[in-house]
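For reference, the structure is listed below as structure tokens.
The values are calculated or read from the model by the stated rules, or taken from the named source; none is laboratory data. These numbers come from a predicted model, not from an experiment. Glycine gets a Cβ as well: all are built from the backbone with ideal geometry, and neighbour counts include every protein chain shown. To get the accessible areas, we keep the full protein, side chains included, count just its heavy atoms, and leave off ligands, DNA and RNA. Shrake-Rupley method; radii C 1.70, N 1.55, O 1.52, S 1.80 Å.
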Amino acid sequence: MKVLIAVTHLLGTGHLSRALTLGRAFAAAGHQVRVASGGFPAPQLSLAGLDLVQLPPLRSDGVDFTRLLTAEGTVADDAYHDARQRTLCETLREMQPDVLITELYPFGRRSLKGEFLSLLKAAHALPHRPVVLASIRDILAPPSKPKKAVEADAVIAEFYDAVLVHSDPAATRLDISWPVSEMLAGKLRYTGYVAPPAALPHPEQAGAGEVLVSAGGGSVGDALYDAALEAAQQTPDITWRLLVGGSDAAERIARFTAKGSRAIIEAARPDFRQMLCHAAASVSMCGYNTALDLLQAGAPAVLVPFDAGKEVEQSLRAESLAPLSGIAVLKTADLTPSALVQAVKGVMAEAPRATDRFRFDGAARTVEIAAELAGDRR
């Protein structure tokens with residue numbers, strides 16, 4: 001079975017990370033998989049065993065997802081978008097996939113509607129139309145206007161065979177963040193959470209006894225890092241380690257280091273998940289992949305959900321996790337060094353939580369669902 005996954009991450013790297021995890025699951029099951037990525041390259045993410053097609057990359061202008069920037073920092077013009085669209089559709093026609101998966105669209109990425117619709121129309125025009133699936137995380141950014149949900153429903157009804165919801169329905173159902181119509185309900189397939197296998201302990205026990213502070217793979221989280229730098233000064237008996245991501249990580253690390261904090265400051269590390277196995281606590285935002293890392297590792301965690309602009313996704317996810325032992329939620333508006341210290345000490349004192357409460361086999365289940373639907377079409 002040939003599988004094409006189309007994904008564009010615009011701010012952090014969570015969407016790409018999830019798409020790559022799905023790709024690895026298809027490859028492990030013996031299928032031919034290709035990932036068409038339209039965001040900026042993310043060198044901290046492993047591409048081992050995967051065939052990746054890089055489109056001319058885009059990123060959002062901060063949290064303004066309607067203003068898309070090129071690698072040169074200029075606003076992408078029509079010619080730039082046309083080049084992306086051509087590459088995407090040429091990849092589809094050359095591969096002739098049995099399964100096409102679009103990550104997030106049509107529930108998001110409306111600024112890229114043109115290229116996604118071109119891809120969907122090209123897929124339906126192939127001699128042997130592929131099974132078409134939408135891939136979405138547990139919680140979406142709720143539609144700001146009812147018509148956005150109506151438009152998404154129309155696209156699903158016309159082009160898609162199913163919608164893969166990467167959540168454990170016992171924990172989070174789609175309707176807490178998105179209006180689910182009768183038509184859409186009939187298309188939903190809950191897969192469980194999409195996560196790589198739980199990390200093994202770090203061979204060098206890196207991160208042991210430390211407070212690990214992270215903000216994903218994008219160039220965000222400065223307020224969180226600033227608070228952590230001062231919190232480290234207030235707690236000389238605790239080692240704080242800041243892991244800084246994003247394309248401008250070196251510049252930000254230099255700026256943080258110049259403040260003279262006791263904290264260890266370094267670039268985001270590929271062994272972060274292993275470090276969580278030994279950490280005294282984690283301080284982070286609450287993106288999908290970070291939340292799953294914390295649930296799998298069982299590390300005490302202070303969540304400071306990203307809520308800039310009109311973002312509510314991470315806040316909804318953090319609220320759903322807050323009842324668990326060893327998890328505290330601190331709103332950005334309430335983030336101060338002292339509040340952070342208090343929250344960290346609080347979760348460190350709580351009882352360990354179980355790490356086997358939820359289903360993390362969403363990637364394998366996605367492969368099964370895709371194979372079943374592709375088999376039905378033969």
Restricting the first residue to region 349-373 and requiring it to be at negative phi, which pairs with a second residue that is open to solvent by 70 Å² or more (accessible area, probe 1.4 Å) and assigned to a loop (DSSP other than H, G, I, E, B) meet a Cβ separation below 9 Å and a spacing of at least six or different chains? ARG357/ALA170; PHE358/ALA170; ARG359/ALA170; PHE360/PRO197; ARG365/ARG359
Of the residues in region 32-44, those that are open to solvent by 40 Å² or more (accessible area, probe 1.4 Å) and either in a loop (DSSP other than H, G, I, E, B) or basic (Lys, Arg) (or both) come to PHE40, PRO41, PRO43, GLN44
Out of all the residues in region 76-94, which are part of a helix (DSSP H, G or I), open to solvent by 20 Å² or more (accessible area, probe 1.4 Å) and not aliphatic (A, V, I, L, M)? ASP78, TYR80, HIS81, ASP82, GLN85, ARG86, THR87, GLU90, ARG93, GLU94
When the residues of region 157-205 are filtered to those that are outside any loop (DSSP other than H, G, I, E, B) and touching a residue at least 60 places away in the same chain (Cβ under 8 Å), which remaining residue is nearest to ASN289 (Cα to Cα)? VAL194
Can LYS121 be described as within 22 Å of the chain's Cα centre (by Cα) and open to solvent by 10 Å² or more (accessible area, probe 1.4 Å)? no
What's the number of the only condition in (1) closer than 19 Å to GLY192 by Cβ; (2) within 23 Å of the chain's Cα centre (by Cα); (3) of a type outside the set (D, E, K, R) that THR332 fails to meet? (1)
Would you check which residues across region 315-360 are exposed (fewer than 13 other Cβ atoms within 10 Å of the Cβ), among the aliphatic types (A, V, I, L, M) and modelled with pLDDT under 95 and list them? ALA322, ALA333, ALA351, ALA354
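Considering region 208-239 alone, what residues qualify as being of a type in the set (D, E, K, R) and touching a strand residue (DSSP E or B) at 6+ places or on another chain (Cβ under 9 Å)?
Filtering region 208-239 down to residues of a type in the set (D, E, K, R) leaves 210, 222, 226, 230, 237.
Once the filter is applied, which keeps residues that are of a type in the set (D, E, K, R) and touching a strand residue (DSSP E or B) at 6+ places or on another chain (Cβ under 9 Å), region 208-239 yields only GLU210.
Each row is one residue, and each column tells you yes or no for (1) without any contact (Cβ under 8 Å) to a residue 60 or more places away in the chain; (2) in contact with a Pro (Cβ under 9 Å, 6 or more places away or on another chain).
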| position | (1), (2) |
| --- | --- |
| HIS81 | yes, yes |
| ARG84 | yes, yes |
| LEU88 | no, no |
| GLN96 | no, yes |
| ILE101 | no, no |
| LEU104 | no, no |
| ARG110 | yes, no |
Could you name every one of the strands (runs of 3 or more DSSP E) located completely within region 251-304 that has at least 1 residues being open to solvent by less than 20 Å² (accessible area, probe 1.4 Å)? 281-284, 301-303
